[in-house]
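Following: one structure in structure tokens, then a few remarks.
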Amino acid sequence: MPELPRLRLGVSACLLGQPVRYDGGHKRDSFVADLLGTHFELLPLCPEVAIGLGVPRRPIRLVQTAAGLRVRGVHDPALDVTDALDGEAARVSRDLPDLCGYVLKKNSPSCGMARVKTYTEAGMPNGRASGAYAAGLMARQALLPVEEEGRLNDPPLRENFIERVFAYARWQALTASEV
Ligand code: SF4
């Protein structure tokens, strides 16, 4: 019997062991890379590399400003990649319509799904928010199942994510067949 194609998930590339972090390291997650990788096609995506920041690179963080939430260099406030990260979220949303879910790296000012630390312009911690790329992705694809690797260690959250991925894939197939 021919093998059915595996559903495709976007994954923060550092979770799959790619050395794309600002310091040249990775954050390989064995549940994501090994277990999810057995059942799904995992597509590694690093928005910071995609917008040309390079590896290694200067660290960035979320900053609350009078103009709203921005992503700026920790040591170089003139570096502002907010719009570039949002543009990358738009590109992925447009060019990868076959993704059935996305596993994001927690605490990243780009990829973090929620609860990423924000700072004042003076550098004081002042709250939590989604990373800029993740926010752009979720705003454009409100139905796309999204989770963070840390939360997938929780069995009910993991089961819920997998169920949402299959439901989303069925919905995608249904809407495609109606065109
Ligand atoms: S968290 Fe996202 S932006 Fe940061 S290294 Fe991983 S994939 Fe790249």
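The values are calculated or read from the model by the stated rules, or taken from the named source; none is laboratory data. Treat the numbers as computed from the prediction; the structure is a model and nothing was measured. So basically every Cβ, Gly included, is an ideal-geometry build from the backbone, and we count neighbours across all protein chains shown.
Structure above, values below:
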read-out	value
Qualifying residues in region 89-99 (those that are aliphatic (A, V, I, L, M) and surrounded by fewer than 16 Cβ atoms within 10 Å (Cβ to Cβ)) - the one farthest from C111 (Cα to Cα)	L96
Contacts under 8 angstrom Cβ, first residue in region 7-28 being farther than 19 Å from E147 by Cβ, partner basic (K, R) and more than 9 Å from the ligand (Cβ to nearest atom), 6 or more apart	Y22/R57; Y22/R58
Qualifying residue in region 141-158 (condition: surrounded by 14 or more Cβ atoms within 10 Å (Cβ to Cβ), touching a Leu at 6+ places or on another chain (Cβ under 9 Å), assigned to a helix (DSSP H, G or I) and hydrophobic (A, V, I, L, M, F, W, C))	yes
Matching residues, region 1-21, being within 11 Å of the ligand (Cβ to nearest atom) and buried (at least 17 other Cβ atoms within 10 Å of the Cβ)	G10, V11, S12, A13, C14, L15, L16, Q18, V20, R21
Yes/no for A122 being touching a helix residue (DSSP H, G or I) at 6+ places or on another chain (Cβ under 9 Å) and either in contact (Cβ under 8 Å) with a residue 40 or more places away in the chain or more than 14 Å from the ligand (Cβ to nearest atom) (or both)	no
Selection within region 105-119 - within 8 Å of the ligand (Cβ to nearest atom) and touching a Pro at 6+ places or on another chain (Cβ under 6 Å)	S110
Filter result for the condition that a residue is of a type outside the set (F, W, Y), at pLDDT 95 or above and either surrounded by fewer than 15 Cβ atoms within 10 Å (Cβ to Cβ) or within 12 Å of the ligand (Cβ to nearest atom) (or both), over D86, D34	D34
Which listed residue is surrounded by 13 or more Cβ atoms within 10 Å (Cβ to Cβ) and either more than 16 Å from the chain's Cα centre (by Cα) or modelled with pLDDT under 95 (or both), from R57, R28	R57
